[in-house]
Amino acid sequence: MTPKQFLQNAPKSPLASGYLFLGNELFYRDRCRRALLQAALGEGAQSGHEGLTEFDLAEQPLHKLIDDARTFSLFADKRLIIGSNAEAALPRNLATVSPDAEALGRYFEKPTPGVVVLFESTRYDWSDRDDKARLERMTKFFSAVPETVKFERFSAAEALAAAQALAKRLNLAIEPDALSELVEMLGNDVARLSNDLEKIALYAEGGRAVTRADIELLVPEARQRGMFEFSDALVRKDRQRALEILDTLALSGEHWPMQLSLLAGLFRQALAAKEQSVRSVQDAMRVFNQQNIRIWPARAKQIVDIARQYSRKELERAVSAMFEADRDLRRERPDDRVIMEQLVVNLTA
């Protein structure tokens with residue numbers, strides 16, 4: 001089940017006896033948790049409600065939660081029992097029969113009336129290959145739980161669409177390119193986008209247009225938007241400007257491996273655009289959309305500019321240089337500044 005399906009069904013349909021929430025995406029997870037709390041215990045229910053019991057399965061055994069679920073309450077006719085850190089309940093070897101898994105199966109064969117059990121695992125990311133394997137192990141272990149909701153990270157296109165909807169709901173007059181940049185700066189984290197857009201809306205009270213200066217003032221990541229300026233300087237092969245920005249970013253404590261990964265992605269897309277003979281922003285958006293890669297106009301313009309400025313061989317050398325820089329940054333005790341300066345020299349030659 002997707003989070004959207006859960007939110008649509010929870011207020012209208014009878015609740016299942018148990019739910020398994022898997023994934024570390026925060027925006028929908030918090031909304032689904034609140035919706036389940038309201039649906040299970042009534043409108044206005046909050047933490048501390050007499051019908052709510054919470055277990056940390058990293059500290060308490062699973063069988064204790066199951067015993068509590070079987071126990072009728074004298075004070076609440078409806079109960080919600082939440083088991084957080086559900087991954088801690090898994091045995092080391094799933095090949096052997098787990099007493100806890102058997103107890104879980106027996107409970108959900110005949111669950112206690114009026115009791116809803118929620119198991120939550122917020123540690124793992126569905127987009128990470130190793131984490132996905134762990135999440136699949138959890139799905140198998142908790143297979144007796146009637147409903148599973150997967151909380152997967154937003155794609156770039158989904159995050160941008162969500163940001164546009166949030167901005168519209170908040171009556172924010174914000175430039176599309178500025179909003180696109182904010183989405184990218186926050187790594188498609190819609191929970192952060194929601195919080196920051198609400199903060200911006202309060203600051204821009206009165207319906208005035210939101211500027212990039214407003215965003216830089218209120219969003220910490222935007223204050224370090226020099227990475228975008230750094231990319232633009234490289235596109236123009238402006239070595240002096242690129243080194244000046246590099247100096248500023250180094251003083252602010254920039255995490256280079258992550259930023260280099262974003263930069264490499266930009267140049268790889270420019271190489272793909274070059275191979276497809278892309279010549280305009282519209283061409284770039286069409287070509288990448290056909291490949292199910294959603295990009296917004298500001299990103300498409302950067303890609304087109306890079307493809308125009310660099311020959312195919314130069315782009316191939318640039319991607320190779322970034323791979324080598326990324327490898328060197330991950331070695332023991334690297335000199336990040338020297339590595340990045342050498343990369344600037346290579347890209348602006």
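Give the residues of the range 313-348 that are in contact (Cβ under 8 Å) with a residue 40 or more places away in the chain and more than 20 Å from residue 249 (Cα to Cα), sorted by residue number. Passing the criteria: 315, 316, 318, 319, 323. The conditions of being touching a Pro at 6+ places or on another chain (Cβ under 9 Å), within 14 Å of residue 40 (Cβ to Cβ) and hydrophobic (A, V, I, L, M, F, W, C) are not met by residue 149.
Yes or no, residue by residue, for (1) closer than 26 Å to residue 342 by Cβ; (2) modelled with pLDDT of 80 or more:
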position: 222; (1), (2): no, no
position: 231; (1), (2): yes, no
position: 244; (1), (2): yes, yes
position: 249; (1), (2): yes, no
position: 252; (1), (2): yes, no
position: 262; (1), (2): yes, no
position: 278; (1), (2): no, yes
position: 302; (1), (2): yes, yes
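Residues are listed down the side, and each one gets a yes or a no for (1) among the small types (Gly, Ala, Ser); (2) surrounded by fewer than 18 Cβ atoms within 10 Å (Cβ to Cβ); (3) more than 23 Å from residue 160 (Cα to Cα):
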residue	(1), (2), (3)
263	no, no, no
268	no, yes, no
276	no, yes, yes
280	yes, yes, no
286	no, yes, no
291	no, yes, no
295	no, no, no
305	no, yes, no
308	no, yes, yes
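The values are calculated or read from the model by the stated rules, or taken from the named source; none is laboratory data. Values in this document were obtained by computation on a predicted structure and should not be read as measured data. Quick reminder, even Gly has a Cβ in these numbers, built from the backbone with ideal geometry, and neighbours come from all protein chains shown.
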